[in-house]
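Here, each number is a calculation from the coordinates, and none is a lab measurement. This one's a predicted model, so the numbers in the text were calculated from it and none came from an experiment. A quick note on method: Cβ atoms are made from the backbone with ideal geometry, for glycine too, and the neighbour counts reach across all protein chains shown.
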Amino acid sequence: MAKARGLVAVNIEECKGCNLCVVACPVDVLHLADSFNTHGYSPAEYDGEGCTGCGVCYYACPEPGAITVFKNWAEAQEAYICQTKNVPSRLTVTDAVKGLAECEACGQQVVLSNFRSLSFAE
Amino acid sequence: MSVKILGKSKGFYDTYERRPGSNKEQTHYCPGCGHGILHKMIAEALVDFEVAENMVFISPVGCSVFAYYYFNAGNIQAAHGRAPAVATGVKRALPESIVISYQGDGDLAAIGGNEILHAANRGESMTVFFVNNAIYGMTGGQMAPTTLIGQKTTTTPYGRTLQNEGYPIKMAEIIASLESPVYVERVMLADVRSKNAARKAVRKGIRNQIEKKGFSFIEVLSTCPTGWKMTAPQSEEWIKTTLVENFPLGVYKDIADQVEPLDLSSNLAPTERVPKLIGLEQDKMEFDTAAMKIAPQIDQEIKIAGFGGQGVLSLGVWLSEIGMREDLQVSWIPSYGPEMRGGTANCHVKLSRNNIGSPLVTHPTVLVAMNRPSLEKFEGDVVDGGAIVWDSSLIDVEPQRKDIRNIPVPATKIAKDLGNSRVSNVVLLGVMAGFSDFLDPLVVQRVLPLIFKKKHLLEINLIAFQKGLELGRELSD
C-alpha cells in the first residue's frame, strides 16, 4: 500500500459528478456523494483518508478547478501563512471529506479547494 | 521548498464571469467531456512556460466556442472552420504571440478541411489542437467526417456505411504527409497513461511554437458521453477499445529537432509600404493644423441609414476618409441586404482621438436618417443630446424625441433642384460640416476631389456640399 501522505479536496460546486476521478483513483479513496450540489450533480467526495497525493484524479477530471491535490499534506499544513494575521501558521484538517481545515493562528475555517487564495511559505 | 499543489491553473479565471446565467463556477461542457481535460493541459503548459500573457486562443465553432469564458488569455472566435486562417493572421501580425487553434472534428475536418490543409502546407507557426470525438457534439450528435463505419449517430441511425458516407477521415495522417508540419501526433484522453502522454504532446506542441519551429498538429481522441449516449467512464473505455482501433495513436511526424527556428519577422509586410499599396500615397496632404477649427470634444459615433442606392454606405466611407485626414482614428462598417438598390442599408462610422475597440455603433451621437423606416428604427438609440439629421423631403414624420438636436434637411429636394438627386448624401455631409465641430469644411473640400475624379461630378458635388454647409450653419445659429 502506497503511503497516505496526500490530501485531495473536491470543490463540490465545480464538480459535475462524471465519476472519472472515482474510476481513475489508484487507491480507491474517492466516491460520489449521496447529496446534490446546487447545480443538481452528485459531486465526488474524498473518503477522508488514504490519499497518496499522486494527482491522477486531478488529470482525470475535466473541470479546471473541481479537484485540488496537496501532494504532501504534512509539508503544506506546516507551510501555511495566515493572511488575517499575516503570520506563519499551521492548518489542521477539521473535515477531510469536505476539504475543510482550520487556521491555528486565527481559528478561521479554510476551504482547501480555494488554494489560489491561500498563501504558503516558499 | 515550495508546497506542491495540483489544482486550478492560473491560466483560468477564478470564476467564469463571461458565462451567462447563474452558474459561474463550472464550464458549460457536459460531465465527462474531454474538452475540460485538454483545456487544463493547455492552461498548465502556458503557465509553466510563462507564455500565458502572449497567448491568443482561436476558438472554433463547436462546443469549445466559449473557451474564452475560461482562459485568462487573448481570444478570437473564428467563423466555422476558419481558425487556422485567423491564426495565420494573428501570428503574422504578432509574431511573438503564442497562437493556438483549437478545433473539433466538424470544424477542422469538415467545413474547415481546406483551411487546415493550407495552413499546414504553409507551415504557419502555430499549434493546432484537433479534438476528435467522431461526432458533432454541439449540434446534437450528427455524423462527423471522423465518425466510424457502423457508428450510429442522429444522421446515420443505422450506422455509417461505406457506400453512403465513405471512410472516416484520418487528419493526423493527412497532415503528416505534407512537407511543412514539424510535429504531428495523435493522442487520446482515456486513462491515466494516455492522459499523461497527451499532456506531454500538448507541452511539446506549445514548446515548438515558443522555439519558432513551425506548425504543430496534435489530434486528441476525446470523449463525448452525451453524443455517444454513454457514461463518462464508458466513453473512455470506448475510446480505448474502439475509437483507437480506427485512429492509431502515435507520432506521425517529428522533425522539430532538425529544423532551424523560423524568422517570423520576415512575414510582416513593411508598414511603410502600406499607404502605397492601398493607394493613399498620392492623396497625402499637408495641413496647417493650427488653422483647422476642428477639435472634436467628444468622439463621434455616427449611424447612417436609408435605402440602398441613396449613397448611405458611400457617405460613411467619405466621413472616414475625411476623419483620417483630420488625424483621427476611424472605422466604417456596412450593414445591408442582398439588394444593390431598394433594400435597406446602414453603416456605422466612428471618428475617435483614441484607438477604436469595436467598430459597432449601438448608440450614435449622430443619426443620419434618409428614409422613414430608418428614422423610426434608430431614433431611440441616439444618445441624449445627440443629433438626428433627417431627409425631410422623403420622411413625412418628425422625430419624437425632445432631448436631441432635431435637424430636418430637405436633402433630396435640394439635390433634385441642382439637377441630380444622387447628390443628396453630399448635401447631408455639408449640413453635418455646418452644424458640427468634427468636420472641417476646408478638409472636406480637399477630400472631395479625391473621391470624385470626374470634373463634372466634382462640380455638382462641391455645389451640393456648399448648399448643405450654408444650411447647416443657419440651423446651428
Calculate the radius of gyration of the Cα atoms of region B:12-129 to one decimal place, then report Dmax, the largest Cα-Cα distance, as a whole number, both in Å. 14.0, 44
Within straight cross-link reach of B:Lys8, meaning Cα distance under 20 Å, which lysines are found once same-chain residues fewer than 8 apart are removed? A:Lys16, A:Lys71, A:Lys98, B:Lys24, B:Lys40, B:Lys195, B:Lys200
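Return the loop-located trypsin sites (Lys or Arg not before Pro) in region A:15-87 (DSSP other than H, G, I, E, B) with at most 13 other Cβ atoms within 10 Å of their own Cβ; answer none if there are none.
A:Lys85
Using DSSP to define loop residues, name the GluC sites (Glu not before Pro) in region B:1-85 whose beta-carbon has at most 10 other beta-carbon atoms within 10 Å. Please report the intermediate quantities before stating the final value.
Details: sites: B:Glu17, B:Glu25, B:Glu44, B:Glu50, B:Glu53; in loops: B:Glu17, B:Glu25, B:Glu50.
When the GluC sites (Glu not before Pro) of region B:1-85 are filtered for loop state and at most 10 Cβ neighbours within 10 Å, B:Glu17, B:Glu50 remain.
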Across B:36-42, the residue-averaged tally of Cβ atoms belonging to other chains within 10 Å stands at 4
May I ask you to list the aspartates and glutamates whose Cα is less than 16 Å away from that of B:Lys91, ignoring any residue fewer than eight positions away on the same chain? B:Glu53, B:Glu115, B:Glu124, B:Glu211, B:Asp263
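Apply 1/(1 + (r/R0)^6) to the Cβ-Cβ distance of B:Asp381 and B:Lys416, taking R0 = 25 Å, and write down the FRET efficiency to the nearest 0.05.
Values: r = 30 Å, r/R0 = 1.19.
The formula returns an efficiency of 0.25 here.
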Note to self, chain B gives a 222 nm [θ] from helices alone (DSSP H runs n ≥ 4, -39500 (n - 2.57) apiece, / all residues, nearest 500) of -9500 deg cm²/dmol
Short version: what are the Cα gyration tensor semi-axes of region A:73-120, square root of 5 times each eigenvalue, largest first, in whole Å? 15, 11, 10
Where the Cα pairs of chain B fall when distances are cut into 10 Å bins, in %: 4, 17, 22, 16, 16, 15, 9, 2, 0
With a ≥ b ≥ c from the Cα gyration tensor eigenvalues, square-rooted, and the rule rounded for a/c under 1.5, otherwise prolate when a/b > b/c and oblate otherwise, region B:129-235 is oblate
What whole number of Å gives the distance from the Cα centroid of region B:451-477 to the Cα centroid of region B:371-449? 13
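Taking R0 as 25 Å, what FRET efficiency do you get between B:Gln400 and B:Ser476 from their Cβ-Cβ distance, rounded to the nearest 0.05?
Values: r = 22 Å, r/R0 = 0.89.
FRET efficiency, B:Gln400 to B:Ser476: 0.65.
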Find the all-direction average of the projected area of the Cα convex hull for the protein assembly as shown, expressing the result in square nanometres with one decimal place. 36.1
For the pair B:Glu459 and B:Ser265, the simple spin-label estimate (label points 7 Å beyond Cα toward Cβ) gives in nm 5.5
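Per-residue Cβ counts within 10 Å, from other chains only, averaged over A:69-79: what number is that?
On the way: counts 4, 5, 4, 4, 1, 0, 4, 3, 1, 1, 3.
Other-chain Cβ atoms within 10 Å of each residue's Cβ, averaged: 3.
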What is the distance in Å between the Cα centres of region B:119-198 and region A:38-96? 36
Report D for region A:7-70 in µm² per second (integer): Stokes-Einstein, Kirkwood Rh on Cα pairs, 20 °C, 1.002 mPa s. 189
By its C-alpha gyration tensor, with a ≥ b ≥ c as the square roots of the eigenvalues, how is region B:292-476 shaped: rounded for a/c under 1.5, else prolate for a/b larger than b/c, else oblate? rounded
Histogram of C-alpha separations across region B:34-266, 5 Å bin width, %: 1, 7, 16, 20, 21, 17, 10, 5, 2, 1, 0
Under a cut-off of 16 Å between alpha-carbon atoms, report the aspartates and glutamates in cross-link reach of B:Lys229, not counting same-chain residues fewer than 8 places apart. B:Glu237
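If contacts are Cα pairs under 8 angstrom and at least 6 residues apart, what is the relative contact order of chain B in percent? Please report the intermediate quantities before stating the final value.
Details: 926 pairs, mean separation 43.8, N = 477.
For chain B, the relative contact order is 9 percent.
Mind pulling up the Rg/Rh value for chain A? Radius of gyration and Kirkwood radius, both on Cα. List each step's numbers first, then the result.
On the way: Rg = 14.2 Å, Rh = 14.6 Å.
Taking Rg over the Kirkwood Rh, I get 0.97.
Counting only other chains, what is the mean number of Cβ atoms within 10 angstrom of the Cβ of each residue in peptide A:4-14? Present the calculation step by step, with values, prior to reporting the outcome.
Working: counts 0, 0, 2, 1, 1, 2, 0, 4, 1, 4, 6.
Mean partner shielding for this stretch: 2.
Please report the antiparallel percentage of the DSSP beta bridges confined to the protein assembly as shown, to the nearest 5. Show your work: numbers first, answer last.
Values: 42 of 81 bridges.
Of the beta bridges lying entirely in the protein assembly as shown, close to 50 percent run antiparallel.
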